[in-house]
Structure formats: structure tokens, C-alpha cells
Amino acid sequence: MIYNSLRPPRKNCGGLIKGEYMMSENALNLNEIRKKYEELKGLGLKLDMSRGKPDTAQLDLSIPMLHTLDDNNFICENGMDVRNYGEFKGIPEVRRLFAEIFGVPAEQVLAGGSSSINMISDALKRCFINGPMEGFTPWSKLEKIKFICPVPGYDWHFHICDTYGIEMLPVVTREDGPDMDEVERLAKDPDVRGMICVPMYSNPTGFTYSDETVERLAAMETAAPDFRLIWDNAYCMHHLYDGDRDELANIYEACLRHGTEDRVLMFTSTSKITFAGGGVCAMAASPANIAFAADLIRYQLVCYDKVNQLRHTRFLPDKKAVEAHMRKHAEIVRPKFELVLQTLERELGGLDIVRWGRPKGGYFICFEAPEGCAKKIVRLCEEAGVKLTPAGATYPHGLDPKDSIIRIAPTYPPTEELRQALEVFTTAVKLAAAERV
């Protein structure tokens, strides 16, 4: 089981194994559940909960940003007109903003376009074509490249690895991060050249890596001298509760303490802070990594959209402003998360065969169905008009070995549609479980 303390198992349900299901005293009535499911199918719903997207109200929060340059002042703080060529590393204001978020000097930040996933892909591409840094063999010339991939994890990370022919090694994620004993064991393989992860409010579990996990990732011995830790900190500002939030240790400072500062490449963006697809992103790393990357990208891109960078930093000049902005997001998102959790507890809390997370931030709730039931639940939902993330998507190649993990993305649908979708989902869970029993 992924969850062991977020939602404690009920009495006598510990140690569930394949094919063994503990039911509540009020056993599921299969005929009643089938009848309700058919009624829901008859509603003709067309609801989409397949991706973690902001809803319209969240996007509207950043409309004022579009007017920050209405005064026709396009000069950034170093005197450059952002409408022209130059500053391929990003304007000073945006590098400083991301530096504050990453917790590194501004000189160690490269600001990009709208997609941190694009920056991650480009960083891996450089590793394959040019090597991770001066003096290292390009990965394309090596016989095999393997990456450690915490699971359940982010499906786009797995697709990127597939694109480059990287062999993925799944490692189970716990509430404090990946199983570090297994990570450290795998890192002793010279073919293991990296690890890719979402360390805070992880996609989809919602877990945040503990201080000990961060320290061990920085300190661990790796057989590959060019091992790269892809630190996709996408949700570092996405707290649901202002006074009750997770904290993530600074991975770069930990690496500095252990002399492994070249190991980590950090990424984040404003895609779910301002406009998805219209934000800004950044990579932060050691001075040596930044210098190597900058020399390569100088002639690759000319420069990113500096007008958008200036627009963003006029609207969000520092981390304090981002935090204030994200509190407005939380006011919209939090009730949806709470609606999901309340509905799951009300409808499924009496079953000892399911688990779910209770994240303090991020964009997802991870649901653990009875083993062998996830694909069926997702199919039942789709047939009733509710589209979910495909079962298995949170594992490399879409292969969940237990067929049990379902990612719930509650942010995009309006509240009433979310309520309908949850009725379909919980009914589908009951139906799949009852038929399995």
C-alpha cells in the first residue's frame, strides 16, 4: 500500500494481498450499485478530469498582468528594450525572481519560455548530444542509459525518457519520498545516469520529500560521475493551506555540503501560477552547469520572449508577491480538494479496500483502488461520461504492476460538474469492487 499514515487502515485490514478484500459490515449490494450506475450513464454526462489544469477563475486572476505594459515602458532594469534581441539567459528581473524561489544566486538561473518540461527535455538533449558537461562522454555514445523513476510518478517525465530511449527503473514512493535504500542501490550501477522526480507535492501522490531524503539524494555515491538529478519542482508555490504547508529542503545547499553541486538540475515555471502555456520557466544549477548550458543555447534560441518575462515581473516582482497571488489560487482550489476528500470519505470510507492521499498542496489526489481494478474503474467512468487520466499512466510505459493507482485531478471542472464526476467515480469504484468480490 502507498498510504499508511495519511489515511490509516481500518481495523483488521492491514496486509491486504492480491485477491483478499476486507469489506465493511454493510457489504456492497451489487444489484443496487449496478442500478445506480446505469442511472448515471443515462444522464449523458461529458466531464473531463484527465489533466491537472487550472480552471477559468484561476486564469482570470492573472488578467491584470496583461496590462502591466500599457504604459509602453519596455525597458528592463539593465536598460535593454525587451522588444529587441539580447539577454538569452533572461532579463535580470526574471532571473532574480526565480533565484529567490529556487534559493540560489541569480547568476545560477537561466530563464526560459513557457514550459519547464521543454527545458527539461532540452537539458537531456544536451546530455545526449554534448555530454552533461565539458569532459564527459555524450550519452548517445554510451551503450545504455538508465534513469531512476519514483512511482507513482509524472507521466510526461516517462514520455520524455521514452523519447530519448532511457531505460526507466521504477522505485516506490513513500510519504517521505522514494525508497532511498533502493535508490542508493540502483545508483551503484554505472549505467544509471540520473533520476527524474517531482519532489514537492509530487504528481500524483502529493507527497513532499523529507529533509533526510533530500540529504541522502545529495550525499549518495553514484557509479556514474555524470549522474544528473532532474529536480522538477513544479508545485513549490502551490499550497492549499497558508498555515499548514509542507516544506522542502534546499537540494542545492545539500549538494554543496557534500561536494555534489553539479549533480542537480532544478526546474520550475509559472504555468499554473499565471497562464498555462503563457507563463515563464527557469532552470537553476551550479555555475559550471549554467556556463556549459549557456554556451550551447546561445546560438540555439537567440532569446526567449523577454516581453513576457517583463510582463510577469512587473506583475510578480518577487517571491512575496507570488505567495500572495497563490493564496488567491488556493481560495479557488482548496474547496474542490475538500469536496473530493469529503465525498470519498462519505461514499467509500466504510470500505477497507481503498486508500487515498490528503495532500497539502499541488494539483492531484492519488487514489489506490483494489488491486486489479483501476483500469476497470477508469473504463466505467468513461462509459458514464467522465474522463479520467488513463489507469497506469503514473508508471513507466503505462504499466501499473498492481493496476490500482488512479490520479484524480479536481481543479479544472466547475464545482457542480466535479460533484457529478465524483458521484460517477465513487459508484464505479463500488461496482468494480463488488464485482471483483
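The values are calculated or read from the model by the stated rules, or taken from the named source; none is laboratory data. Keep in mind the model is a prediction, meaning the values are calculated, not measured. Cβ sites come from the backbone with ideal geometry, for glycine too, and all protein chains shown count toward neighbours. All accessible areas refer to the heavy atoms of the entire protein, side chains included, with ligands and DNA or RNA removed. Shrake-Rupley method; radii C 1.70, N 1.55, O 1.52, S 1.80 Å.
In the chain, the longest principal axis of the Cα atoms and the axis of helix 415-436 are about 60 degrees apart. Its relative contact order, with pairs defined as Cα atoms under 8 Å and 6+ residues apart, puts the chain at 26 percent.
Here the Gaussian network model covers the chain, with springs between Cα atoms less than 10 Å apart; of T208, T394, T56, T56 fluctuates the most.
Spin-label model, K402 to I63: label points 7 Å out along the Cα-to-beta-carbon direction sit 4.6 nm apart. Ignoring any ligand, DNA or RNA, what whole percent of the accessible area of the chain comes from carbon and sulfur when the probe is 1.4 angstrom? Of all accessible area on the chain, carbon and sulfur atoms account for 49 percent. Summary value for region 74-114: 32 percent relative contact order, contacts being C-alpha pairs under 8 angstrom separated by 6+ residues. With R₀ fixed at 51 Å, the C-beta to C-beta distance from E416 to E221 puts the FRET efficiency at about 0.45.
Comparing D189, D71, D242, which has the greatest mean-square fluctuation in the GNM of the chain with Cα pairs linked when under 10 Å apart? Result: D71 has the largest fluctuation of those listed. Using a Gaussian network model of the chain in which every pair of alpha carbons under 10 angstrom is joined by a spring, one finds that among T163, T427, T268 the greatest mean-square fluctuation is at T163. Within region 126-169, the trypsin sites (Lys or Arg not before Pro) that combine a DSSP coil assignment with at most 13 other C-beta atoms in a 10 angstrom radius are K144. Site pair F74 and E107 shows an inter-label distance of 3.1 nm when each label is modelled 7 Å from Cα along Cα→Cβ.
Going 7 Å from the Cα of E134 toward and past its Cβ, which residues in region 289-306 have a backbone nitrogen under 19 Å from where you end up? Only 289-300 fall inside the zone, counting backbone N under 19 Å. Between Y164 and R334, the modelled labels are 3.9 nm apart [label points 7 Å from Cα along Cα→Cβ]. For region 65-165, what class follows from the C-alpha gyration tensor (a ≥ b ≥ c being the square roots of its eigenvalues): rounded when a/c is under 1.5, otherwise prolate if a/b is larger than b/c, else oblate? It comes out prolate by the Cα gyration axes. Within the straight-line cut-off of under 17 Å between alpha carbons, the aspartates and glutamates reachable from K144 are D162, E167, D189, D191, D226, sequence neighbours fewer than 8 places apart in one chain being disregarded. In the context of the full set of protein chains, residues of the chain present 42 Å² of accessible surface per residue (probe radius 1.4 Å, heavy atoms only). Across the cross-link table entries K53/K89; K41/K387; K125/K146; K89/K320; K41/K430; K146/K375, which are compared at the Cα atoms, the separations over 19 Å belong to K53/K89; K89/K320; K146/K375. Of the options (i) 0.95; (ii) 1.03; (iii) 1.09, only one is Cα Rg over 2.2 N^0.38 Å as computed from these coordinates, and that is (ii). For the pair region 326-346 and region 266-313, the centres of their Cα atoms are 31 angstrom apart. Peptide packing: for 108-116, 344-352, the average count of neighbouring Cβ atoms within 10 Å per residue gives the ranking 108-116, 344-352, highest mean first. Here L296 and E32 are evaluated by their C-beta separation; at R0 = 45 Å the FRET efficiency comes out at 0.10.
Per residue, the average separation of C-alpha pairs within less than 8 Å and at least 6 apart gives region 216-329 a relative contact order of 26 percent.
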